[in-house]
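Working notes for the structure below.
The values are calculated or read from the model by the stated rules, or taken from the named source; none is laboratory data. Quantities reported herein were computed from a predicted structural model and do not represent experimental measurements. Glycine gets a Cβ as well: all are built from the backbone with ideal geometry, and neighbour counts include every protein chain shown. Please note that ligands, DNA and RNA were not included when accessible areas were found on the heavy atoms of the full protein model with its side chains. Shrake-Rupley method; radii C 1.70, N 1.55, O 1.52, S 1.80 Å.
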Amino acid sequence: MDGMLAQKKILLIIGGGIAAYKSLDLIRRLRERGCSVTPVLTKAATEFVTPLSVSALAGAKVYTYLFDLTDEAEMGHIQLSRSADLIVVAPATADLMAKMAQGRADDLASTLLLATDTPVLVAPSMNVRMWDHPATQRNLAVLRGDGVGVVGPNEGDMACGEYGPGRMAEPLEIVTAVEAQFRAGPLAGRHVLVTSGPTHEPIDPVRYIANRSSGAQGTALAEALLALGARVSFVTGPALVPPPMGAEVIRVETALQMQQAVEAALPADAAVFAAAVADWRVENSSVEKIKKDAKGAAPALRFAENPDILAAVAQRAEGRPRLVVGFAAETETVVAHATAKRLRKGCDWIVANDVSPATGIMGGAENAVTVIDADGAETWPRMSKADVARKLADRIAKALA
Ligand code: C5P
């Protein structure tokens, strides 16, 4: 096999959650691609899948929570973790994530994770409330800060009967994330944050204010960055186009949520703000659906200005990405407005485009941009959004080289 994963050694830590059954399929998928998989089961995991089935699928010895003296003599836990090219934790339960964030080592799995200098990828899986709990979100932020890769969780029906984020990523999504860890290219080892799509600002539970951004340019850019080997955190509003495979996708609705997600995804080597963030939110949005007034009076909406996410990151005193790129969608005197915007926001580059309806750019397949940096303006010919993305990703790779 000559794929990206051929000959790669994966240490797979299976945590104790209902999603552990999906890890059996993950083992198959990884082996199909030429990986060798060494499985480790936590004590709780053995309640969900048997060491026998895991061992049969992996074609390898399974290490469980029990310390085996012969194993310690043959292969100490330090060596076990270090001889892998990548450690995958799937499912990563709330408890395992908490242990990892704290650096605890009270069983084989957590000891391996603490003893290693090998890259780690986690696939969280838990009840939606546990995922949303501030403690888990805090642990997640700590793990991200430690350089741990995260894939999922997805939103959907859960085994516990609830609905929301918490479902473990599907085996093929985890495989894509594993491949991303081994990607080579000028941006390998770099972390790039991309915002994309529109934001939705609620008026009431059923109505919202939005804009016509499709998320196409941001998605194309994330794909181009991934193709150059970058690790990409993709913070997206409700977009029309599906998010890029292989990125760490963080879905949000409002500008305030986008700001939080961006803060949580930092630090990054570069940050590209392609999202069309609503400038205002409805300050007096209603928790109940607004009813028509009997006298025909229209509701009086009060607006509050949303935080400028790009400007806040670009003007950070500490932890500013080395390269901060903004977009400017204008309908007139594009270059002059965008040049002023670059200085006002404090970003390094502005990618300006004319979104007048006549251009068909907003929501369309093509884009015509001018890239403005400290040295001036560079106008590119009209081309597909994918080509704009590739040219921009190349320029970013050169700037970070
Ligand atoms: O000021 P304007 O909305 O034209 O600026 C566009 C740039 O600023 C884009 O890069 C957009 O992603 C970013 N932006 C932001 N937060 C806002 C408004 C815009 O990050 N609240």
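When the dipole is taken about the Cα centre of segment 1-182, and only Lys, Arg (+1) and Asp, Glu (-1) are charged at their Cβ, what size is it in debye, to the nearest 20?
Details: 16 positive and 21 negative charges, 22 e Å.
In debye, rounded to 20, segment 1-182 gives about 100.
From the C-alpha gyration tensor of the chain, pull out the three semi-axes of the equivalent ellipsoid (sqrt of 5λ each), sorted largest to smallest, in whole Å.
42, 26, 18
Given the -39500 (n - 2.57) contribution per DSSP H run of 4+ residues, what per-residue ellipticity at 222 nm results for the chain, rounded to the nearest 500 deg cm²/dmol? Intermediate results must be reported in sequence, preceding the final value.
Working: 14 runs with 135 residues, N = 401.
Taking each H run of at least 4 residues, the total per residue is -10000 deg cm²/dmol.
With a 1.4 Å probe and every protein chain kept in, tell me what percent of the accessible surface of the chain is carbon plus sulfur. Working shown, then result.
Values: 9890 of 18890 Å².
Solvent-exposed carbon and sulfur of the chain make up 52 percent of the total.
With every protein chain kept in place and ligands, DNA and RNA left out, what is the accessible area per residue of the chain? Probe 1.4 Å, answer in Å². Before the final figure, lay out each step's value.
Numbers: 18890 Å² over 401 residues.
Solvent-accessible surface per residue comes out at 47 Å².
Between segment 233-305 and segment 339-401, what is the C-alpha centre distance in whole Å?
Cα centroid to Cα centroid, the span is 23 Å.
For segment 70-178, which GluC sites (Glu not before Pro) pass both filters: DSSP loop (anything but H, G, I, E, B) and at most 11 other C-beta atoms within 10 Å?
Working: sites: Glu72, Glu74, Glu155, Glu162, Glu173; in loops: Glu162.
Within segment 70-178, the qualifying GluC sites (Glu not before Pro) (loop, at most 11 other Cβ atoms within 10 Å) are Glu162.
In Å, the Kirkwood hydrodynamic radius of segment 49-198 over pairs of distinct alpha carbons?
Numbers: mean 1/r = 0.0591 Å⁻¹.
It is 16.9 Å.
Where does segment 334-401 land on Rg/Rh, using Cα atoms and the Kirkwood Rh? Could you put the intermediate results ahead of the total?
Values: Rg = 12.3 Å, Rh = 12.6 Å.
We get a ratio of 0.97 for segment 334-401.
Picking from Ala300, Ala265, Ala230, which is most flexible by a Gaussian network model of the chain using Cα springs under 10 Å?
Highest fluctuation of the listed residues: Ala300.
So if I place +1 on the C-beta of Lys and Arg and -1 on the C-beta of Asp and Glu, and nothing else carries charge, what would the dipole magnitude of the chain be about its Cα centre? I want it in debye, nearest 20. Before the final figure, lay out the partial values.
Values: 41 positive and 45 negative charges, 81 e Å.
With only Lys, Arg, Asp and Glu charged at Cβ, the dipole is about 380 debye.
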